[in-house]
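Working notes for the structure below.
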Amino acid sequence: MKPDVRICADINELSVRAAEATVRIVTEAARGARRCSLVLSGGSTPRTLYRLLASQFDKKIPWAELHIFWGDERYVPLVDPTSNYRMAKEALLDHVPCPPANIHPMPTHVPSPDAAARHYEATLRGFFAGTRPCFDLVLLGVGTDGHTASLFPGSPVLAETTRWVRAASAPTDPPTRVTLTWPALIAASNIHVLVAGSNKADALRHVLDESPDPRVYPAARIRSAEGSVIWWADRDAAGGFLL
Ligand code: 6PG
């Protein structure tokens, strides 16, 4: 199926349109189920979106019903400058009335990355109470090598079929990660992928290609997700795809 690519002028337009979509999805989900689940991406691209959710859109989000999770985390203390939790805390969570009990960071304080993964999986299985991990919205990014979350090219974690969370190795610092796996990601009702910058054009072109190899470009696997997938790309990132 042809991917749903929404091309935006720049990171600002991309972030506003992705924020509008986030508001629509979480408000609809909360209206029905009285709670909703949002998975945050790490990296730098989503920072503008997070800041918008904390400012321009903060009154439109049902914070009391919203549960926040992470798609991946660096295995560092949550106060570490490279922590995905810390980035989201500074850009979003410190500025909105989301109940602390609704914020579920990956527990990087536990003694090993595998223990952290198992601990987080228990959190997710408790939240979804025996059903599949059907997050209302998962936000993801794409690396210049085509990775997403901490699912990197050639990683053995790409082949995981039962565990929802695994420890993983990254080719860049910090090298040790904890990541949701495809079984945890693929069942989401909505996945929105945020891609900006000319340095992502080559990876995005391969990811959105006719028949990409998800072992080489893991983000391509997002296209087989069960729910709705939208690729939010700025012109610089979409350059290769448009050609
Ligand atoms: C991480 C992210 C990772 C990120 C991509 C894109 O922990 O770094 O989860 O998957 O989304 O690497 O990162 P940028 O947005 O910084 O380009």
Exercise for the section: Output the residue which, of all residues in region 1-15 that are among the aliphatic types (A, V, I, L, M) and surrounded by fewer than 16 Cβ atoms within 10 Å (Cβ to Cβ), is modelled with the highest pLDDT. Expected result: Ala9
Exercise for the section: Among the candidates Phe135, Phe128, single out the residue that is crowded, with 17+ Cβ neighbours inside 10 Å and under 22 Å from Leu38 (Cα atoms). Expected result: Phe135
Completion exercise
Residue pairs qualifying under the 6 Å Cβ cut-off, at least six apart or on distinct chains, with the first in region 192-208 being over 16 Å from Arg47 (Cβ atoms) and the second being outside any strand (DSSP E or B) and polar (S, T, N, Q), are Asn199/Thr144; Ala203/Thr144
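So, in region 110-141, how many residues would count as being assigned to a strand (DSSP E or B) and not small (Gly, Ala, Ser)? Before the answer, list the steps.
Narrowing region 110-141 to residues assigned to a strand (DSSP E or B): 137-141.
Still in the list and also not small (Gly, Ala, Ser): 137-140.
Final tally of qualifying residues: 4.
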Handout entry: Exclusive hit being of a type outside the set (S, T, N, Q), touching a Lys or Arg at 6+ places or on another chain (Cβ under 8 Å) and surrounded by fewer than 21 Cβ atoms within 10 Å (Cβ to Cβ), set Ala233, Ala225, Ala187, Ala237
Key = Ala187
Exercise for the section: Tell me, yes or no, whether region 198-219 has at least one residue that is assigned to a loop (DSSP other than H, G, I, E, B), within 30 Å of Gly130 (Cβ to Cβ) and either over 18 Å from the mean Cα position of the chain (by Cα) or within 15 Å of the ligand (Cβ to nearest atom) (or both). Expected result: yes
Problem - Candidate set from region 56-73 (those that are within 16 Å of the ligand (Cβ to nearest atom) and outside any loop (DSSP other than H, G, I, E, B)); member that is surrounded by the fewest Cβ atoms within 10 Å (Cβ to Cβ) - result: Ile68
Exercise for the section: Return only the number of the condition from (1) among the hydroxyl-bearing types (Ser, Thr, Tyr); (2) surrounded by 20 or more Cβ atoms within 10 Å (Cβ to Cβ); (3) farther than 17 Å from Thr123 by Cα; (4) within 11 Å of the ligand (Cβ to nearest atom) that Ser155 does not satisfy. Expected result: (4)
Problem - Qualifying residue in region 174-185 (condition: within 13 Å of the ligand (Cβ to nearest atom), outside any loop (DSSP other than H, G, I, E, B), within 18 Å of Trp70 (Cα to Cα) and in contact with a His (Cβ under 6 Å, 6 or more places away or on another chain)) - result: no
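If you go through region 1-36 one residue at a time, how many are outside any helix (DSSP H, G or I) and either without any contact (Cβ under 8 Å) to a residue 12 or more places away in the chain or small (Gly, Ala, Ser) (or both)?
Adding up the residues that qualify gives 2.
The values are calculated or read from the model by the stated rules, or taken from the named source; none is laboratory data. Source: prediction; values computed, not measured. Virtual Cβ from ideal backbone geometry, glycine too; neighbours counted across all protein chains shown.
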